[in-house]
Amino acid sequence: MGPERFFEPKQDEIFDPREFVLMFLDSDSVTNVTKLNRVNHRRVLIYIGNGEGLVSYGKGKSDDYETAFDEAFKKLRQNLVCLPYSMLNTSPVMLRGRHNDFRIKMWSQKVSNYWGNPLIWQMLLYAGLTHIRFACKSRKRDPYSLVYAFFIAITQNTTPEEIARVSGRKQQVCGWVDPEA
């Protein structure tokens, strides 16, 4: 039995693991040189999303890739995030995330504008955030910083209903709340 055994729902969970799409983001080898020898470690970074606001990422580190994948799948369960989600307006507010050198901004709009980093737009698509455009800045291509900044940003998401409740305004019939209003 493979690593998917770590992602089976337990008794109190209601998600279906077959609805998720898995993205393999990165794998590399890290070598630590000591006086006596070299110590190698393998790292793996993966991401999943079901397109309806349920997302997670996992990173695994071990002596070999198989064990690193097992560790990454275990972390998927621990990092599972359920985003506030509305089908009519999936992201009604501006979202920002930053980790190390990587910065990302996401703006709300009526139709999606996935132009830019292909990893980010695939991750947004699998997160179910379709009313959004984004821009990212970074001097380095570190996938770990990308994932951390992405999760910092998307966990700030809210729904039009929550905005209406906090601001004391009535929700519009179509569900679209203009963020500048």
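Points to keep in mind about this one:
- Matching residues in the range 99-126 - criterion: being among the small types (Gly, Ala, Ser) and either in a loop (DSSP other than H, G, I, E, B) or within 14 Å of the chain's Cα centre (by Cα) (or both): 112, 116
- Index of the failed condition, residue 58 passing every other in (1) surrounded by fewer than 16 Cβ atoms within 10 Å (Cβ to Cβ); (2) at pLDDT 90 or above: (1)
- Subset of the range 81-92 (residues that are aliphatic (A, V, I, L, M) and either at pLDDT below 90 or assigned to a helix (DSSP H, G or I) (or both)): 87, 88
- Residue match in the range 61-73 (condition: aliphatic (A, V, I, L, M), farther than 20 Å from residue 155 by Cβ and surrounded by fewer than 16 Cβ atoms within 10 Å (Cβ to Cβ)): no
- When the strands (runs of 3 or more DSSP E) confined to the range 1-70 are screened for residues that are assigned by TED's automatic domain parsing to the domain that holds residue 147, none reaches at least 1 such residues.
- Output for the range 88-112, where each listed residue is without any contact (Cβ under 8 Å) to a residue 40 or more places away in the chain and either aliphatic (A, V, I, L, M) or over 21 Å from residue 125 (Cβ atoms) (or both): 111
- Residues in the range 121-171 that are over 15 Å from residue 95 (Cβ atoms), polar (S, T, N, Q) and out of contact with any Asp or Glu (no Cβ under 8 Å at 6 or more places or on another chain): 122, 167.
The values are calculated or read from the model by the stated rules, or taken from the named source; none is laboratory data. These figures come from a predicted structure and were not determined experimentally. Note that each Cβ is placed from the backbone with ideal geometry, even for glycine, and that neighbours are counted across all protein chains shown.
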